[in-house]
Amino acid sequence: MAEALSLVAYSDLESQVEALERDGYVYFPNVLNAEEVAELRATMDRLEPIEESLDRHSTPENGGSFLNKVINNSFNRDTLFLQYLDRPGLIDVVEAVHGEDCHCIGMQSWLTGPGRPDQRLHTDWLPISLPEDVATDPRVKIPIFITTAHYYLDDLYEALGPTKFVPGSHRSGRSPAEDTQWNGAKEQSILCNAGDVVLFRSEVWHRGSANRSDQTRYLLQVHYAKRMITQKFPPYLNRFQFDASILAQLTPRQRRLLGDHRPSNYD
Ligand SMILES: O=C(O)CCC(=O)C(=O)O
Ligand SMILES: [Fe+2]
């Protein structure tokens with residue numbers, strides 16, 4: 001039997017930051033209401049992939065083994081996505097851990113259909129690898145370089161392919177090999193509801209799991225980082241362009257999150 005991840009909603013900023021540092025993730029219930037979930041899903045359905053932006057859209061009809069639709073730079077495709085750059089509550093935690101000059105390094109709409117296979121347990125990025133006794137020494141505090149906000153747009157259940165986390169595993173100092181647990185904690189399923197968000201640091205061991213249902217899973221991923229970590233808005237070498245009509249609608253905070261920074265080191 002798969003275990004369910006403990007989802008505790010901390011209401012103050014200090015406890016939310018502590019959760020990210022201690023557990024590797026922090027949970028935000030009911031960030032979106034049912035209408036917002038429906039609108040986001042419908043917009044994701046409408047978006048057409050742009051091959052040059054490394055978007056993907058394979059389906060059983062076009063020869064893929066399952067539906068896999070990934071739209072990069074979603075903030076640049078529809079103004080609806082802009083509010084998910086700096087959603088109140090969440091953005092305060094992001095700025096607290098990455099600094100006030102932090103930015104968004106990517107945003108993807110992601111649809112995964114029936115037949116999507118299990119992923120292997122992984123870290124999205126391990127900034128610093130350390131011997132375990134060093135990594136677990138309470139005097140050692142690794143800065144949080146990258147986080148991802150998962151906006152879940154379905155009520156999750158085991159067959160739909162929830163994300164699985166090994167809580168606390170960011171303190172292992174390494175990426176998993178064949179491990180399925182760390183320090184006594186097994187991998188656990190995020191069984192949250194549509195409209196809930198989980199923000200997690202890039203070093204926590206996690207994986208997407210197989211979709212054994214007959215339903216497509218909808219997920220919005222928003223990646224954040226310290227300002228010194230590069231933004232990943234493909235295509236590269238001067239080919240990514242902000243849509244002018246979307247740029248015109250950004251608030252000052254959203255402009256900064258997309259890269260309009262005050263000059264600093266190396267500028
Ligand atoms: O699909 C998921 O739930 C997580 C996916 C993931 O961790 C990844 O693609 O790096
Ligand atoms: Fe991942």
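Taking 7 Å steps out from each Cα toward its Cβ at Arg212 and Lys232 produces label points 3.0 nm apart. Label-to-label distance for Glu158 and Asn30 is 2.8 nm, based on points extended 7 Å past Cα in the beta-carbon direction.
For His223, neighbours were defined as the other residues whose beta-carbon sits under 15 Å from its Cβ, and their charges (Lys and Arg +1, Asp and Glu -1) total +1. For the range 3-257, what is Rg from Cα atoms divided by 2.2 N^0.38 Å, rounded to two decimals? Taking N as the residue count of the range 3-257, the ratio is 0.99. A helix-only calculation puts the chain at -4500 deg cm²/dmol for mean residue ellipticity at 222 nm, using -39500 (n - 2.57) for each DSSP H run of at least four residues, averaged over all residues.
When only the Cβ of Lys, Arg, Asp and Glu is charged (+1, +1, -1, -1), the dipole of the range 3-257 relative to its Cα centre reaches about 560 debye. Derived scalar couplings between HN and Hα for the range 69-78 equal 10, 10, 10, 6, 6, 4, 4, 9, 10, 6 Hz in order, rounded to whole Hz, by the Karplus curve 6.51 cos²θ - 1.76 cosθ + 1.60 (θ = phi - 60°), x for Gly and Pro. Using θ = phi - 60° in the Karplus curve 6.51 cos²θ - 1.76 cosθ + 1.60, the 3J(HN,Hα) couplings for the range 86-98 round to 9, 5, x, x, 5, 5, 5, 5, 4, 5, 5, 8, 9 Hz; x is entered for Gly and Pro. Among the GluC sites (Glu not before Pro) in the range 176-208, those placed in a DSSP loop whose Cβ has at most 13 other Cβ atoms within 10 Å are Glu178. Each other residue within a Cβ distance under 15 Å of Leu47 adds +1 if Lys or Arg and -1 if Asp or Glu, for a net charge of -3.
Annotation: amide H of His103 within the under-5 Å range of Ala225, Arg227, sequence separation 5 or more or interchain, hydrogens built in the peptide plane.
Modelled spin labels at Trp125 and Glu178, positioned 7 Å past Cα toward Cβ, are 3.0 nm from each other.
The calculated FRET efficiency for the pair Lys186 and Asp137, based on their C-beta separation and a Förster distance of 22 Å, comes to about 0.35.
In terms of the Cα gyration tensor, with a ≥ b ≥ c the square roots of its eigenvalues, is the range 132-267 rounded because a/c is under 1.5, prolate because a/b exceeds b/c, or oblate? Since a/c reaches 1.5 but b/c is at least a/b, the shape of the range 132-267 is classed as oblate.
Among Leu90, Leu247, sorting on how many other beta-carbon atoms sit within 10 Å of each Cβ, with the fewest leading, yields Leu247, Leu90. Each of Tyr27, Tyr151, Tyr236 was scored by other Cβ atoms within 10 Å of its Cβ. Arranged with the fewest first, they read Tyr236, Tyr27, Tyr151. Other residues within the sphere of radius under 13 Å centred on the Cβ of Asp155, judged by their own Cβ, net out at -1 (K and R +1, D and E -1).
Residues whose amide H comes within less than 5 Å of that of His57, counting only those at least five positions distant or on another chain, are Val70 (H built at 1.01 Å from N in the peptide plane). Between Val197, Gly63, Leu153, the Cα set farthest toward the positive side of the dipole of the chain (charges on each charged residue's Cβ, about the Cα centre) is that of Gly63.
Each value in this text was obtained by applying a stated rule to the coordinates, not by laboratory testing. Treat the numbers as computed from the prediction; the structure is a model and nothing was measured. Heads up, the Cβs are rebuilt from the backbone with ideal geometry, glycines too, and the neighbour counts pull from every protein chain shown.
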